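Since the structure comes first, as structure tokens, the remarks are kept for the end.
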Amino acid sequence: MKKIGILTSGGDCSGMNAAIRAAVRTAIRLNIEVVGFRKGYLGLMKGDAIPLDTKAVSGILHRGGTFLQSARSPEFKTPEGQQKAIDNLKELGVEGLVVLGGDGSLTGALALHRLGLPVVGIPSSIDNDIPYTDMALGVDTALNNIIYAVDCIKDTASSHARAFVIEVMGRNSGYLASISAIATGAEFALVPEREYDLAEICQQLRARFEEGRDNAIIILAEGAGHAREISDSIKDAIGFETRITVLGHYQRGGAPTVFDRLLASRFGKRAVELLISGNSGVMVGLSCNAILATPLEDVIKGEKRPQDEVLRLAEVLGV
Ligand code: ATP
């Protein structure tokens, strides 16, 4: 293999740049040329590629987001879109591809593998819902962002005796909400995986304030309810002032943590090594602190990462 490509697709996350850098540096040591496709599969379908050498990836390791940019491209889901991508890769002489993204992007990578292109995926999604990896890239940084914000909000909540509903990302996954609630000592984590009774929550909050506690933090995964409805119900039931903070895209950005920088470096290096050794159609993943490769077929078919242990821990700790 003489030339490979790399792209970032779907939602961005911190650590993508560090992974691109590691992949490029690994490839160059092995005398392999690298090009980066801009805006994910969109760039692949347009042939929008830039050469990547050590200079091109210098100064990016500590930056959040992705300097190659990311996009969502419905056209790539079609056979015509995928054929365009294959044709462009052939024309550019690109013999293999590293894809960074969430489950949708990895499904796209599997489609290219089925069309005969050597592909390796790197799980990158703050939801941490990708099977066969203990952690996806960007999760640790997002959690640290959330925890910093919740700690700040807790200070002001105490000063004014308020309850706060803090909405975090997670359409179908309560991972960020559960972990951040455990790590900040929040009163409740409302997640899509677990039913909750708002009346019961209000009762517990009333008892809490009657005991003289001066704040309450409820962390809500975006897919588990509407912050406004929950906040209004709490206010009506307990008469306490309530406020809403939606953390939104703040969670995605910022300098990657040490954990994400290291994970990105390990993932990027291993992805290139797998690609050139002929291991196509796999995703790198973290398992018991080792970097393993799992067939993309299994990743896509696999059950979403079970949250049972985290949810049980939250329950035991009274979250
Ligand atoms: P996130 O976890 O941040 O949502 P993601 O990778 O799951 O990231 P998606 O929007 O689901 O984000 O997918 C990103 C892109 O991957 C899509 O815009 C599309 O180009 C490609 N893709 C998604 N699903 C498929 C599919 N079934 N077949 C081929 N390509 C797909």
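The values are calculated or read from the model by the stated rules, or taken from the named source; none is laboratory data. These numbers were taken from a predicted model, which means no experiment stands behind them. Counting neighbours? That spans all protein chains shown, and the Cβs are built from the backbone with ideal geometry, glycine included.
Below is a table of values for the structure above.
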item	result
Residue among GLU75, GLU95 that is out of contact with any Cys (no Cβ under 6 Å at 6 or more places or on another chain), of a type in the set (Asp, Glu) and within 13 Å of the ligand (Cβ to nearest atom)	GLU75
Residue in the range 265-272 that is of a type outside the set (Gly, Ala, Ser), more than 19 Å from PRO192 (Cβ to Cβ) and without any contact (Cβ under 8 Å) to a residue 60 or more places away in the chain present	yes
Within the range 50-62, considering residues that are touching a residue at least 24 places away in the same chain (Cβ under 8 Å) and under 20 Å from SER124 (Cβ atoms), the one surrounded by the fewest Cβ atoms within 10 Å (Cβ to Cβ)	HIS62
Residue among GLY81, GLY11 that alone is within 10 Å of the ligand (Cβ to nearest atom) and within 30 Å of ILE146 (Cα to Cα)	GLY11
Total residues in the range 16-34, condition away from the ligand (no atom under 13 Å from the Cβ), within 24 Å of the chain's Cα centre (by Cα) and not basic (Lys, Arg)	8
Some residue of the range 264-278 being closer than 13 Å to PRO123 by Cα, at pLDDT 95 or above, in a helix (DSSP H, G or I) and of a type in the set (A, V, I, L, M)	yes
Residue satisfying all of: in the range 174-216; crowded, with 24+ Cβ neighbours inside 10 Å and either modelled with pLDDT under 90 or of a type in the set (Val, Ile, Thr) (or both); nearest to the chain's Cα centre (by Cα) among these	ILE179
Test: residue in the range 310-318 that is out of contact with any Gly (no Cβ under 7 Å at 6 or more places or on another chain) and within 19 Å of GLY108 (Cα to Cα)	no
Whichever residue in the range 63-72 is surrounded by fewer than 21 Cβ atoms within 10 Å (Cβ to Cβ) and under 17 Å from PHE37 (Cα atoms) and, among such residues, is nearest to the ligand (Cβ to nearest atom)	ARG72
